[in-house]
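Asks: So that we are looking at the same thing, I have put the structure below in structure tokens.
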């Protein structure tokens, strides 16, 4: 059983009584944090206070300098920092299919206010990266409010449309993945607080049922599973798609798409 310090969502611990027990502070515990404003600094504070690992739920936008500072603190302390993004969770749950691997085409669409757009685009590009199609910027065309781009990776490329909306509009993210015999559509609408997943094959189309699991509980469950794997202690646990390195790569590519 792992001690968990969860100042943002203490109820998540009570829902996993066989795996987690509450801790009064971060020392020696898994720190479960929300991804709201200042999350990199709060994660650094938890590491400085002796946390054994940090899990961040739905991290908001953060510049490369802040991510690098957090990575340096985590490396120095030998602490894993796991970041769980909703878009990636949907892809893992519904896109792990043979008929969607090495997709023929990927189309990413993001629309949000100035503050929310970088994180939404970062997470959209993360989907393409996990499918092998987002490592570097190939082409970019910028208008007054919209950016059109193509990004490429080892197994293909992805088309990107990013729209800046006036004001502080919440993010809308859509991703379409076209495989050779299947199509996956993902949509995350922050304004309506909804997600939509559709998988279509020659046999027909089906919508995924609504996910009723509390987001904090899901993040805690996944973090406990990762930390419970053999050899998953310390910074090595954060090297995969849920790690800071992947988040940084996606953040850097999103900046290139938006700003050239």
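Asks: Whether any residue in the range 163-170 is on the phi < 0 side of the Ramachandran plot and surrounded by 20 or more Cβ atoms within 10 Å (Cβ to Cβ) is what I want to check.
Replies: The answer is no, given that none of the residues of the range 163-170 is on the phi < 0 side of the Ramachandran plot and surrounded by 20 or more Cβ atoms within 10 Å (Cβ to Cβ).
Asks: To continue, here is another question. Give the residues of the range 64-86 that are part of a helix (DSSP H, G or I) and surrounded by 22 or more Cβ atoms within 10 Å (Cβ to Cβ), sorted by residue number.
Replies: Matches in the range 64-86: 70, 74.
Asks: Exactly one condition in (1) assigned to a strand (DSSP E or B); (2) out of contact with any helix residue (DSSP H, G or I) (no Cβ under 8 Å at 6 or more places or on another chain) is false for residue 36; which is it?
Replies: (1)
Asks: Is one or more of the residues making up the range 45-62 surrounded by fewer than 22 Cβ atoms within 10 Å (Cβ to Cβ), under 16 Å from residue 248 (Cα atoms) and without any contact (Cβ under 8 Å) to a residue 40 or more places away in the chain?
Replies: No; the residues of the range 45-62 include none that is surrounded by fewer than 22 Cβ atoms within 10 Å (Cβ to Cβ), under 16 Å from residue 248 (Cα atoms) and without any contact (Cβ under 8 Å) to a residue 40 or more places away in the chain.
Asks: Shifting gears a bit: Select, from 112, 119, 158, the only residue that is in contact with a strand residue (DSSP E or B) (Cβ under 9 Å, 6 or more places away or on another chain), modelled with pLDDT of 95 or more and part of a strand (DSSP E or B).
Replies: Result: 112 is the single residue among 112, 119, 158 that is in contact with a strand residue (DSSP E or B) (Cβ under 9 Å, 6 or more places away or on another chain), modelled with pLDDT of 95 or more and part of a strand (DSSP E or B).
Asks: Just wondering, is there one or more residues in the range 241-260 that are modelled with pLDDT of 90 or more, in the same structural domain as residue 111 (by TED's automatic domain parsing) and assigned to a loop (DSSP other than H, G, I, E, B)?
Replies: No - not one qualifying residue is present in the range 241-260.
Asks: Kindly indicate which of 113, 132, 95 is at positive phi and not assigned by TED's automatic domain parsing to the domain that holds residue 218.
Replies: Testing whether each residue is at positive phi and not assigned by TED's automatic domain parsing to the domain that holds residue 218 leaves just 132.
Asks: Answer yes or no as to whether residue 31 is touching a helix residue (DSSP H, G or I) at 6+ places or on another chain (Cβ under 6 Å) and under 25 Å from residue 64 (Cβ atoms).
Replies: When the stated conditions are applied, residue 31 passes them.
Asks: If residue 126 satisfies every condition in (1) in contact with a strand residue (DSSP E or B) (Cβ under 7 Å, 6 or more places away or on another chain); (2) within 19 Å of residue 84 (Cα to Cα) but one, which is the exception?
Replies: For residue 126, the failing item is (1).
Asks: Let me ask something additional. Exactly one of these conditions fails for residue 148: (1) modelled with pLDDT of 95 or more; (2) closer than 21 Å to residue 90 by Cα; (3) surrounded by fewer than 17 Cβ atoms within 10 Å (Cβ to Cβ). Give me its number.
Replies: (2)
The values are calculated or read from the model by the stated rules, or taken from the named source; none is laboratory data. The model shown is predicted, which means the values in this text are computed figures rather than measured ones. For neighbour counting, all protein chains shown are included, and Cβ atoms are generated from backbone atoms with ideal geometry for every residue, glycine included.
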